[in-house]
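Visitor: This is the structure, below, for whatever I ask next.
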Amino acid sequence: MKFKSPERLHYFNLNNSAIYIIFVQSIFMFQLYKFLIMKYLYIKKYVIFFLSFLISFTSCKRKKIESFSIHGKTEIFGLATPVNLDPVETKVYLTDYFNDVTKIDSVICHSSLQTKLSDDKKELVLSCTRAEIPWLSELQVKIGGEIYSILVKKSRKIKQTVSFASKGKIYESVQIAGEMNNWNPANGNMSDKSGNWEIELWLNPGKYQYQLVVDGVWMLDPANPETVDNNMGGFNSLLVVTPVLNEPAPVLYTKKYEGDKLTIGIKNKITALFVYWQNYRMEESSPEKPEAEITITIPQEAGYYHRSYIRILACNESGISNDLLLPFAYRNIITKPDELKRDDFEASIIYFLLVDRFYNGQQANDHPLKDKDIAPQADYYGGDLAGITQKIREDYFSDIGINMLWISPIVQNPLEGYVECIEPHSKFSGYHGYWPIATIKIDHRFGTDNEFQTLIDEAHDGNINVILDFVANHVHEKHPVYQEHPDWATELILPDGRKNLRLWDEQRLTTWFDTFLPTFDLFKPEVIKFQSDSALYWIQKFELDGFRHDATKHIPEVFWRSLTKNMKDKIMLPENKKLYQIGETFGSRELIGSYVGSGMLNAQFDFNLYFDTRTAFAVDASSFKNLEQSLNESLDYYGRHHLMGNITGNHDIARFISYAGEALKFSEDDKEAGWTRNIKVENPVGYKKLAALTAFIMTVPGIPVIYYGDEIGMPGAGDPDNRRPMKFDNLSPDEKWTKETVKKLVQLRKENITLIFGDYLTLKVTTDEFVYARTYFDKTSIIIFNKSSESRKVVFEVLEQINCKGLKRNFSAGFGQTGRGMTVKLRPYSFEILSN
């Protein structure tokens, strides 16, 4: 296999004169090498470095690619994320990929797409010129002698028409609101066509819950018999979008590796194959047989890279295959997790903690407000940075297996409490850190700069990354920058006289969280610069490893592009340092995914998958089939090797175990429940269900995120009851069992490369049984769940491409194997993980 580029081939066609010159050069260099070695042996390491460089420069057996170096510096930092086409026209921000777009010489794409490059080369518009667009193609960007290739994916969207018959009645407006438009009726206005209201929607395959809004009244779609329980005491209509497939899409799998050769297996017909090393496409003819294999030679250039990747995809007339991602240490394929480093974020296991509620390590900085109108659970408890450091030193996190800490905001918050604008108008302190009155100053109740630096140093010494929660969307009204520049905020009063408060979807980019929390207008360059520079301060001063970004969807994309470019310019490129950014967005997968990419964030939390996971494991009457559908939708949107966060819960939603343990009902107001009664685990089966949910997020593609307290099954209703002080001592037997189970699951995740870089395959799914496999060459992990209240004998077959030799159980289930036939005996609400 070679790089696909006619321009590169001339490096191999050396004429006689060139060969003679190289011969003379070689003799000269040999004498120089001999002199240097004899004369300067005591600086051996520097001579070796110099010689290796000269050898690579003079060799006629290797392609001359000037942008390669042993430091891995190219025009694109990291791997270029694919361009996902819209049905008609797509805007590509070339600044997302290339730090200096002025170097671009030309841009070429498939003949079915028309290109329009802006004069400043920052933006490229791709227009579909004909109906037949290949599922996969490439965007070639030429810079100097190099051709960078960015994968282009055809839109999967299918046109759907939703209609409503007025049946002689007169209506002023009919709208659709659902998962397809983030439940915003304003984005779903239907047209009146002689009494038949209609709207055309372009939707990806999947299931979409929705309702019609008829003259302001929400209702089920009377023309659609398909409904689904919304888990809040009601029902929604269900729109199912199904693609028409003439044949199955290709399936790729890792088969074997030997020396510098990789063998990739292929099932089903393929019409195009795309193999990338880093951001260069490698050339390979497609197999002629429907089921065949390809052999890939690891590029010589990989020998210069501490970490590089080969990516592989294929397609046929029906769609796109699964994607494979293979990591390399120089020219060696990584086969064991202990070969991974701290900046290999694919191997991350995140632990999210609220500073004030975790551990009090320095009582001298305790300053609760002691306001009689503020309930104790809404005031400061005393947790601080010193407390986190103490737990790092005690190996609390490393004992579980955590290798990344997400710390809630630590900037200065107000010294008094404030009343929420919504019922019941409770008064809160800023214990959570999300009401900043300073942007680069640590709250004195949490600690000092030195204490934060000590925390980070201790974490890094323990091979733990630290990311900080950064609030870019808003500030508190007492923040000096708002008092000096009130025009930097969006308008609180809308043109129609309403207050722009918590209109999450209707006024997504301008709404305020409360009357005392002005939202920044992050379309303004001066505001962008202020917040971007503020974020950069934390990385540069404390050597953080990235950010969790609050309220991501409420901030325009231009800010995220500016911030990420700033981070690349000032840190990532000069220091060749990877940083991890993960955002928070409640909304559709399309909205969530719009903030993830090369010039944006690395990831967001997959809340859609979480809510379906929560339902599947907490509600006995639910079906695993819905969860499997949801998981596949996420894999289709984000790829099978994404860095999205799979959570056990977070600080904005009631804890999972409160539902699974039957203390809370999905139909009730979870916040009110937390204020009015003591929420505890009423049924100990909740611990088993929580363990199963944790097993799921530890074994599916993505990054597991444990919310503090979930490792022991700490209960809690809605905010602030879900933010109780962390419990370390006097654990009950059920809490101890849960913690030990979580520790074992984390260790399995860390010890099995299949659970980090492995492909995903569903083997069986029923209402109560779910079996899937993660595979990586000859290594296999098979995960089996039983969510029923009865013991089950789960019987399934292992696919031919999966190596099932040497499989052993990791938990206590009964296990039998006959060839490729498997039988696993599971107790109620339990799981097993088989691995070889």
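Visitor: For the range 368-391, name all the residues that are surrounded by 17 or more Cβ atoms within 10 Å (Cβ to Cβ) and at positive phi.
Guide: Quick first cut of the range 368-391, residues surrounded by 17 or more Cβ atoms within 10 Å (Cβ to Cβ) only: 369, 374, 377-391.
Once the filter is applied, which keeps residues that are surrounded by 17 or more Cβ atoms within 10 Å (Cβ to Cβ) and at positive phi, the range 368-391 yields only 382.
Visitor: I'm trying to understand the selection: among the residues of the range 673-725, which are in contact (Cβ under 8 Å) with a residue 24 or more places away in the chain, under 23 Å from residue 233 (Cβ atoms) and among the acidic types (Asp, Glu)?
Guide: Scanning the range 673-725 gives 719, 721.
Visitor: Going by the structure shown, is residue 314 under 22 Å from residue 151 (Cβ atoms), assigned to a strand (DSSP E or B) and of a type in the set (Gly, Ala, Ser)?
Guide: On the way: under 22 Å from residue 151 (Cβ atoms): yes; assigned to a strand (DSSP E or B): yes; of a type in the set (Gly, Ala, Ser): yes.
The answer is yes for residue 314.
Residues are listed down the side, and each one gets a yes or a no for (1) in a strand (DSSP E or B); (2) touching a Ser or Thr at 6+ places or on another chain (Cβ under 7 Å):
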{"site": "416", "(1), (2)": "no, no"}
{"site": "422", "(1), (2)": "no, no"}
{"site": "432", "(1), (2)": "no, yes"}
{"site": "440", "(1), (2)": "no, yes"}
{"site": "450", "(1), (2)": "no, no"}
{"site": "456", "(1), (2)": "no, no"}
{"site": "463", "(1), (2)": "no, no"}
{"site": "466", "(1), (2)": "yes, no"}
{"site": "469", "(1), (2)": "yes, yes"}
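Visitor: Check 255, 261 and return the single one that is surrounded by fewer than 16 Cβ atoms within 10 Å (Cβ to Cβ) and at negative phi. Don't jump to the end; show me each part of the working.
Guide: Numbers: 255 fails: surrounded by fewer than 16 Cβ atoms within 10 Å (Cβ to Cβ).
Going through 255, 261 in turn, the sole match is 261.
Visitor: For the subset of the range 531-555 comprising residues that are of a type in the set (D, E, K, R) and outside any strand (DSSP E or B), which member is farthest from the chain's Cα centre (by Cα)? Before you say what the answer is, go through the steps one by one.
Guide: At the first step, the residues of the range 531-555 found to be of a type in the set (D, E, K, R) are 533, 541, 543, 545, 548, 550, 553.
Add one more test, that the residue is outside any strand (DSSP E or B), and what stays is 533, 541, 543, 545, 550, 553.
Numbers: 533: 24, 541: 26, 543: 22, 545: 16, 550: 15, 553: 15 Å.
It comes out as 541.
Conditions (1) in contact (Cβ under 8 Å) with a residue 12 or more places away in the chain; (2) open to solvent by less than 60 Å² (accessible area, probe 1.4 Å); (3) not β-branched (Val, Ile, Thr), marked per residue:
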position: 90; (1), (2), (3): yes, yes, no
position: 119; (1), (2), (3): no, no, yes
position: 123; (1), (2), (3): yes, no, yes
position: 160; (1), (2), (3): yes, yes, yes
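Visitor: Consider residue 515 carefully, then state whether it is open to solvent by 10 Å² or more (accessible area, probe 1.4 Å), hydroxyl-bearing (Ser, Thr, Tyr) and over 30 Å from residue 399 (Cβ atoms). So that I can check it myself, show each step before the final result.
Guide: Values: open to solvent by 10 Å² or more (accessible area, probe 1.4 Å): yes; hydroxyl-bearing (Ser, Thr, Tyr): yes; over 30 Å from residue 399 (Cβ atoms): yes.
Spelling it out, residue 515 is indeed open to solvent by 10 Å² or more (accessible area, probe 1.4 Å), hydroxyl-bearing (Ser, Thr, Tyr) and over 30 Å from residue 399 (Cβ atoms).
Visitor: Only residues in the range 450-463 that are over 15 Å from residue 384 (Cβ atoms) count as the first member; pair them with residues that are in a helix (DSSP H, G or I) and open to solvent by 50 Å² or more (accessible area, probe 1.4 Å), Cβ under 8 angstrom, at least 6 apart or cross-chain, and list the lot.
Guide: The qualifying pairs are 462/398; 463/398.
Visitor: Check residue 390 against each of (1) in contact (Cβ under 8 Å) with a residue 60 or more places away in the chain; (2) within 20 Å of residue 451 (Cβ to Cβ) and name the one condition it does not meet.
Guide: (1)
Visitor: Find the residue count for the range 618-635, including only residues that are more than 22 Å from residue 683 (Cα to Cα) and acidic (Asp, Glu).
Guide: 2
Visitor: Then there's this: Can you tell which of 446, 470 is touching a Lys or Arg at 6+ places or on another chain (Cβ under 8 Å) and surrounded by 22 or more Cβ atoms within 10 Å (Cβ to Cβ)? Reasoning before the result, please.
Guide: Numbers: 446 fails: touching a Lys or Arg at 6+ places or on another chain (Cβ under 8 Å).
Selected residue: 470, the only one of 446, 470 that is touching a Lys or Arg at 6+ places or on another chain (Cβ under 8 Å) and surrounded by 22 or more Cβ atoms within 10 Å (Cβ to Cβ).
Visitor: Please work out which residue is most open to solvent (accessible area, probe 1.4 Å), limiting yourself to the range 351-367 and to residues that are more than 11 Å from residue 709 (Cα to Cα) and in a loop (DSSP other than H, G, I, E, B).
Guide: Filtering the range 351-367 down to residues more than 11 Å from residue 709 (Cα to Cα) leaves 355-356, 359-367.
Okay, now just the ones that are also in a loop (DSSP other than H, G, I, E, B), so 359-362, 366-367.
On the way: 359: 68, 360: 47, 361: 33, 362: 72, 366: 49, 367: 92 Å².
Residue satisfying both the conditions and the ranking: 367.
Visitor: Can you tell me which residue in the range 682-732 is nearest to residue 629 (Cα to Cα), limited to those that are of a type in the set (Phe, Trp, Tyr) and open to solvent by 10 Å² or more (accessible area, probe 1.4 Å)? Give the derivation first.
Guide: Step one: list which residues in the range 682-732 are of a type in the set (Phe, Trp, Tyr), which gives 687, 696, 707-708, 728.
Now drop any that are not open to solvent by 10 Å² or more (accessible area, probe 1.4 Å), which leaves 687, 728.
Details: 687: 25, 728: 38 Å.
Top of the filtered list is 687.
Visitor: Within the range 797-836, which residues are in contact (Cβ under 8 Å) with a residue 40 or more places away in the chain, out of contact with any helix residue (DSSP H, G or I) (no Cβ under 8 Å at 6 or more places or on another chain) and over 21 Å from residue 685 (Cβ atoms)?
Guide: Those that are in contact (Cβ under 8 Å) with a residue 40 or more places away in the chain, out of contact with any helix residue (DSSP H, G or I) (no Cβ under 8 Å at 6 or more places or on another chain) and over 21 Å from residue 685 (Cβ atoms): 801, 802, 822, 834, 836.
Visitor: Do you know which residues across the range 449-461 are open to solvent by 10 Å² or more (accessible area, probe 1.4 Å) and either over 24 Å from the mean Cα position of the chain (by Cα) or β-branched (Val, Ile, Thr) (or both)?
Guide: Taking the range 449-461 as the starting set, the residues that turn out to be open to solvent by 10 Å² or more (accessible area, probe 1.4 Å) are 449-451, 453-454, 457-458, 460-461.
Across the range 449-461, the qualifying residues are 449, 450, 451, 453, 454, 457, 458, 461.
Visitor: Let me ask something additional. Return yes or no: is residue 553 open to solvent by 10 Å² or more (accessible area, probe 1.4 Å), at pLDDT 95 or above and within 25 Å of residue 484 (Cα to Cα)? First the steps, then the outcome.
Guide: Working: open to solvent by 10 Å² or more (accessible area, probe 1.4 Å): yes; at pLDDT 95 or above: yes; within 25 Å of residue 484 (Cα to Cα): no.
Criteria not met by residue 553.
Visitor: Something else: Is it the case that the range 505-518 has a residue that's more than 26 Å from residue 652 (Cβ to Cβ) and either under 24 Å from the mean Cα position of the chain (by Cα) or assigned to a loop (DSSP other than H, G, I, E, B) (or both)?
Guide: Here is the first cut: in the range 505-518, the residues more than 26 Å from residue 652 (Cβ to Cβ) are none.
Scanning the range 505-518, I find no residue that is more than 26 Å from residue 652 (Cβ to Cβ) and either under 24 Å from the mean Cα position of the chain (by Cα) or assigned to a loop (DSSP other than H, G, I, E, B) (or both), so the answer is no.
Visitor: For the range 757-836, list the strands (runs of 3 or more DSSP E) that sit wholly inside it and hold at least 1 residues that are closer than 24 Å to residue 335 by Cα and of a type in the set (A, V, I, L, M, F, W, C); which are they? First the steps, then the outcome.
Guide: Values: elements: 759-765, 769-776, 779-786, 792-797, 814-818, 821-826, 830-835.
Hits in the range 757-836: 759-765, 769-776, 779-786, 830-835.
Visitor: Here is a further query. Read through the list (1) outside any helix (DSSP H, G or I); (2) under 19 Å from residue 602 (Cα atoms); (3) open to solvent by 10 Å² or more (accessible area, probe 1.4 Å), then give the number of the only condition that residue 570 fails.
Guide: Failing condition for residue 570: (1).
Visitor: Can you go through 270, 264 and tell me which one is within 30 Å of residue 74 (Cβ to Cβ) and in a strand (DSSP E or B)?
Guide: Being within 30 Å of residue 74 (Cβ to Cβ) and in a strand (DSSP E or B) holds for just one of 270, 264, which is 264.
Visitor: Just wondering, is there one or more residues in the range 137-150 that are at pLDDT below 95, in a loop (DSSP other than H, G, I, E, B), small (Gly, Ala, Ser) and within 30 Å of residue 506 (Cα to Cα)?
Guide: No, that holds for no residue.
Visitor: So, in the range 733-750, of the ones that are surrounded by fewer than 17 Cβ atoms within 10 Å (Cβ to Cβ) and within 24 Å of the chain's Cα centre (by Cα), which residue ends up farthest from residue 348 (Cα to Cα)?
Guide: Among them, the one singled out is 743.
Visitor: Can you tell me which residue is modelled with the lowest pLDDT among those in the range 67-78 that are crowded, with 17+ Cβ neighbours inside 10 Å and among the hydrophobic types (A, V, I, L, M, F, W, C)?
Guide: Looking at residues that are crowded, with 17+ Cβ neighbours inside 10 Å and among the hydrophobic types (A, V, I, L, M, F, W, C), I get 68.
The values are calculated or read from the model by the stated rules, or taken from the named source; none is laboratory data. No experiment lies behind these values; they were computed from the predicted model shown. No Cβ is skipped: glycine too gets one built from the backbone with ideal geometry, and neighbour counts run over all protein chains shown. When the accessible area is computed, the model is the full protein with side chains, heavy atoms only, and any ligands, DNA or RNA have been set aside. Shrake-Rupley method; radii C 1.70, N 1.55, O 1.52, S 1.80 Å.
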